[in-house]
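Working notes, beginning with the structure itself.
Just so it is clear, none of the values below were taken in a lab; they were calculated from the coordinates. Predicted model only: the values in this text are computed from it and were never measured. Note: ideal-geometry Cβ built from the backbone for every residue, glycine included; neighbour counts use all protein chains shown.
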Amino acid sequence: MSILTERVSGAWRLLRQATGEAKWDEYVARCEREGVEPMTRRAFERHRADEKEHNQQARCC
Amino acid sequence: MSTSTANPTGSGPRSGPNMKSVAIWSAVAVVGAVCWAMLALSRGEEVSALWILFAALSSYAIAYRYYSKFIADKVLKVDDTRATPAERLENGQDFDVTDRRVLFGHHFAAIAGAGPLVGPVLAAQMGYLPGTIWIIVGVILAGAVQDMVVMFFSMRRDGKSLGQMVREEIGTVAGVAALIAVFAIMIIILAVLALVVVNALAESPWGVFSIGLTIPIALFMGFYLRYLRPGRVSEVTAIGVALLLLAIIGGGYVEEMGLADSLTLSHETLVICLVVYGFVASILPVWMLLTPRDYLSTFMKVGVIVLLAVGLVIAAPALQNEAVTDFATNGEGPVFAGKLFPFVFITIACGALSGFHALISSGTTPKMVAKESHVRMIGYGGMLMESFVAISALIAASVIDQGIYFSMNAAAGATGGTPETAAAFVNGLGFTITPAELEAAAASVEETIISRTGGAPTLAFGMSLIFTEAFGGGLAAFWYHFAIMFEALFILTAVDAGTRVGRFMLQDTIGNVWKRYADTSWRPAAWSASALVVLAWGYMLWIGVGDPLGGINQLFPLFGIANQLLAAIALTLATVLMFKHGLAKFAWVPGIPLAWDLIVTMTASWQKVFSDNPAIGYFAQASAAREARDAGELYGVAKTPEDVDQIIYNSTQSGILQAAFALLVIVIVAGAAVTVVKAIRAGGLPTTEVPKVESKIVAPSDFFATKEEKESVREWEASQKTPVS
């Protein structure tokens, strides 16, 4: 049973990494470690969107 | 600090567990051998598509297990104690240590699109065997090798792009040639991809309705992520996919909604729509349209591929075409002209060997690799996966009745556009089909099916057959439009992203002489560069759509050759680097695919430029048409004197482009040859490889972690958590 839940939570974690949602989790965890007040999720995601603006990856055929 | 994968003695104890491995790999080898034997020996009876599927899967498994491991360990000598750029330069943005499985997904989503779905469908006119052999052998020895080796060399250079590496490692002239070639080839690729979409959506209100709706759906997702619930990507993707399915179902009711007439668009109207759309999409902020559509496209990509694999296994359809058709030897096929050699190897680029991948394997992906050994699963493994997509597409095209296949894929000039004339044309080719059968097939998917060239409609038709057989329910029309939808979605994503990448390249290049132009946030530069890129591919698209001989027939060879000339550039770079690194004895690893690719592309280029057969040589075609015009006659399928002028103009232009691409590649190869001679004399030359820095992170090296790897990752994670006192 514990193996199953471990697998499922592992897969969920991978999915969140794939969609980029894990970035937020990591950021919050880091702020907590360093004792800093994190910015709002809205501001954080906006910052990430601005990065993407100038970092376009090609999509192949 | 010991990483589990840096164990030079390899696979542990000599006896015991290896027996199991030997048994498994022997079984895989036997399955593969049986499948290949069935494909090679079956003649005249019904051949199941599953033989192709399992021949491919077992060949991939063996190649991955042995050849890619040989390249990683012996040739490239990947070193997991060496920190990757992601580790050394981590900034959370482009340099970012990424889980190998996640990066595999990202890389696959970036390399695979409509290309591997279209080429094999067209190549099926020569039978199923030539395509199958080239896709499988090509990927193992060429395509996957290129992707992996380029990724490795770029990773060792902090993720430099292909163009940069050519300039720094071969020379300035070769670098400039590479830059021009990459840009021009990208424009051709975008134009041909867009042509596939236009051909699939023209005169198809259902398709236009569903694809049109993807724009508001993506905009909705973009605003949702920006304002409603920032960052909730999985959630909004689930909503988006549900809306997408509704859009496909809704398309079936365009007639009832009274939209059928206003959504029945001609080819020309669609070109204008696409160009305007492409320009707007490339200047809008990416969060609005591009990013959310990319989420949808990626989800659909993975979903559809899984669905197709499952559908194939359940339906187990029989192949309808011959192993090798007469068109392979007489070169008179109506889908594209030319004999098996070299044109099968040109028509199937993506899925076997695709130069465009070198642009993704250098640059973005290598900046995210966690461990050097991961280039094997991401570079080699990712390309094997794309090859599997190509094999599925080949199967889907081969299970269609051949009369229908040729009615769909011959140019309108040949089929005449009606069931009666198309049936007469196809019967003339030696296949039996009646007008009534064509009408019934069209009715089953609620579309016209005569001369729907470009590959996408044929694939959609084949998939609707497979899915209807596998899952039942008489949903052929739904599945057809489902397939059209996802192909168009991939292509539009590729066109948007490509336009943007092209814009950055253009701004960067012009920025060398006019500094301010390189500023990507400066509107006048951004807008004018975007407009130039869109107009470039829009122009080629317009030419293709108006071509009396069929745009796909004329432009697809140009696309295939361009893509593989790009592969020649990438493989040339890889071969040069083998010599410069003093690894001459392994130069054959990229060298053999390079030699093959050069033989194929140069033969094809030569024939396309110098052949005196008007069906193949562009200039021969132009002069034959000119002679006809001067004699006051029409030429070939041309219906008016204007058509004849168009043929002369298009063929001359294609011929010039073809010759220019080949010349650029020759310049690069010549520059490379000089460098290789120098390197051999000196026994190696200094390169721009970044010196080794010891790696501190621990990660497993392959898809599945071994017990020892899991253990060392656990130990390492625990050591990270203890506070540094």
Report the paramagnetic label zone for B:VAL637: residues of the range B:388-426 whose backbone N is under 16 Å from a point 7 Å from Cα along the Cα-to-Cβ axis.
B:404-426
With each label point set 7 Å from Cα along the Cα-Cβ vector, what nm distance links A:GLU34 and B:TYR67?
4.7 nm
Expressed in nm², what is the orientationally averaged projection area of the convex hull enclosing the Cα positions of chain B?
34.2 nm²
Would you mind getting me the FRET efficiency between B:ASN427 and B:VAL313? Use the beta-carbon distance for r and R0 = 41 Å, nearest 0.05.
0.75
If one compares the long axis through the Cα atoms of helix B:435-445 with the longest principal axis of the Cα atoms of chain B, the angle in degrees, nearest 10, works out at 50 degrees
So what are the ³J(HN,Hα) numbers for the range B:488-496, from phi and the Karplus equation (6.51, -1.76, 1.60; θ = phi - 60°), rounded to whole Hz, Gly and Pro as x?
5, 5, 4, 5, 4, 4, 5, 5, 4
Where a label projected 7 Å from the Cα of B:ALA670 along Cα→Cβ would reach, residues of the range B:581-620 with amide N under 16 Å:
none
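Please give the contour-minus-distance gain from B:SER26 to B:LEU532: 0.36 nm per residue of separation, less the Cα-Cα distance, rounded to one decimal in nm.
176.6 nm
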Quick one: Karplus J couplings for the range B:291-296, per residue in order, coefficients 6.51, -1.76, 1.60, θ = phi - 60°, nearest Hz, x for Gly and Pro?
4, x, 5, 5, 4, 4
Let me have the relative contact order for the range B:206-261, percent, based on Cα pairs under 8 Å that are six or more residues apart.
53 percent
Quick one: net charge around B:PRO419, please, counting Lys, Arg +1 and Asp, Glu -1 for every other residue with C-beta under 9 Å from its C-beta.
-3
Tell me the angle of helix B:641-682 to the major Cα principal axis of chain B, expressed in degrees between 0 and 90 and rounded to the nearest ten.
20 degrees
Karplus-derived 3J(HN,Hα) from phi for the range B:39-44 (6.51 cos²θ - 1.76 cosθ + 1.60, θ = phi - 60°), whole Hz, x at Gly and Pro, runs 5, 6, 9, 5, 9, x
Other-chain or far-sequence residues with amide H under 5 Å of B:VAL369's (modelled H):
B:ALA86
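Would you order B:SER266, B:SER521 from fewest to most other beta-carbon atoms within 10 Å of each residue's own beta-carbon?
Lowest to highest Cβ neighbour count: B:SER521, B:SER266.
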What order do you get for A:ASP25, B:ASP147, B:ASP401 when you list them from fewest to most C-beta neighbours inside 10 Å?
A:ASP25, B:ASP401, B:ASP147
Gained length - B:VAL324 relative to B:GLU420, 0.36 nm times residue gap less alpha-carbon distance:
31.8 nm
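Using only alpha carbon pairs under 8 Å that are at least six residues apart, calculate the relative contact order of chain B and give it in whole percent.
Reported relative contact order: 23 percent.
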Spelling it out for B:VAL47: with amide H atoms placed in the peptide plane at 1.01 Å from N, the residues 5 or more places away or on another chain with amide H under 5 Å from its amide H are B:LEU319
Hypothetical label at B:ASP630: residues of the range B:608-623 whose amide nitrogen lies under 11 Å (7 Å Cα-Cβ projection)
B:623
Total formal charge among the other residues, if their Cβ is under 11 angstrom from that of B:MET463, Lys/Arg +1 and Asp/Glu -1
-2
I need B:ILE491, B:ILE71 ordered by Cβ neighbour count within 10 Å, fewest first.
B:ILE71, B:ILE491
Pulled fully out, how much extra length does the chain show between B:GLU708 and B:VAL302, if you take 0.36 nm times their separation in residues and subtract their Cα-Cα distance?
143.1 nm
